[in-house]
Ligand SMILES: C[S@@+](CC[C@H](N)C(=O)[O-])C[C@H]1O[C@@H](n2cnc3c(N)ncnc32)[C@H](O)[C@@H]1O
């Protein structure tokens, strides 16, 4: 993999693409600072989700790869990068209404074009609580803010530019780790929380997947940083690595939510 040129280029931090279950909005700045401080040429997110951490960083690396197993989400990344103007038209054409929410919930995405699929997911994620894919309820209330065309245009343009040189994959994490591991790689991993693996579709990620993850991380030539919820099972499975705690809150939109401790696991063997 060619990784020439400066090690880093300073870029403006941006918000994630959309609300997403397990999205690290509240931790993004702190994780981004920590990742920025590491000297790596290749940056890889095998569980990129909506990219809250990816976009919070202020250093662009010569090679950057994002991946997620969710094909609908990866389609949003691709459309956002390649067709921001067209995506804006689709977004603005959808009336922000409960009836539209119900209509889009009932449509199979494979009946739509890629741009329509991307618009559908962005609309549904904005309107349902917590960004959970299994949440079928319209949750817009008096505290919800509609996004203006000007704000959408700015957001789409800035993120499309940031994504211009990024490789976007739609694979299982193990393939991505093996394919992009080099001594100059830093992986940031944000797998589904232990015990909440159904948030992305039934049976999407279970205990056997955490074992596969541990095995893949144990073979790395590069370094990694991983965030996970603080449970005895997680501490036990990843006991061979360095484990720190970090305070945060689980919140989708409102302040004053439940304070929790999460784990930051890194590739320095104890
Ligand atoms: C906790 S979320 C990531 C959130 C992201 N860091 C953010 O801030 O938006 C976990 C992600 O892992 C993805 N995922 C689940 N199983 C996967 C697998 N086997 N390989 C790759 N991605 C997977 C889910 O689709 C989900 O987007």
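Suppose a student asked you for the relative contact order of the chain, using Cα pairs under 8 Å spaced at least 6 residues apart; what percent would you report? Relative contact order for the chain comes out at 20 percent.
I'd like the antiparallel share, as a percent to the nearest 5, of DSSP beta bridges with both residues in the chain. Antiparallel bridges: around 55 percent, rounded to the nearest 5.
Measure out, as a whole number of angstrom, how far apart the alpha-carbon centroids of region 68-87 and region 216-247 sit. The distance from the Cα centre of region 68-87 to that of region 216-247 comes to 30 Å. Take the Cβ-Cβ distance between residue 7 and residue 258 as r, set R0 to 35 Å, and report the resulting FRET efficiency rounded to the nearest 0.05. Computed FRET efficiency for residue 7 and residue 258 comes out at 0.35.
Residues 189, 225 in ascending order of nearby Cβ atoms (within 10 Å, fewest first): 225, 189.
The value of relative contact order for region 126-236, using C-alpha pairs under 8 Å at least six residues apart, is 28 percent.
Only DSSP H runs of four or more residues enter the estimate; each adds -39500 (n - 2.57), and after division by the residues of the chain the mean residue ellipticity at 222 nm equals -11000 deg cm²/dmol. Arranged from fewest to most other beta-carbon atoms within 10 Å of their beta carbon, 77, 194 become 194, 77. Site pair residue 97 and residue 171 shows an inter-label distance of 4.5 nm when each label is modelled 7 Å from Cα along Cα→Cβ. Taking the centroid of alpha carbons for each part, region 103-139 and region 148-184 are 21 Å apart. Of the residues 72, 211, the one with the fewest other Cβ atoms within 10 Å heads the list, and the complete ranking is 211, 72.
Sort region 90-160 into rounded, prolate or oblate with this rule: let a ≥ b ≥ c be the square roots of the eigenvalues of the Cα gyration tensor; rounded if a/c is under 1.5, and if a/c is not under 1.5, prolate when a/b is larger than b/c, oblate otherwise. It is oblate, given that a/c is not under 1.5 and a/b is not larger than b/c.
D by Stokes-Einstein for the chain, Kirkwood Rh over Cα pairs, 37 °C, 0.692 mPa s: 170 µm²/s.
Using the Cβ-Cβ distance between residue 85 and residue 106 with R0 set to 25 Å, the FRET efficiency works out to roughly 0.30.
Taking 0.36 nm per residue of sequence separation and removing the Cα-Cα distance, the residue 245/residue 33 pair yields an extension gain of 74.7 nm.
We did not get these values from a lab; they are worked out from the coordinates using the rules stated. Predicted model, so just to flag it, every value in this text is computed and none were measured. Quick reminder, even Gly has a Cβ in these numbers, built from the backbone with ideal geometry, and neighbours come from all protein chains shown.
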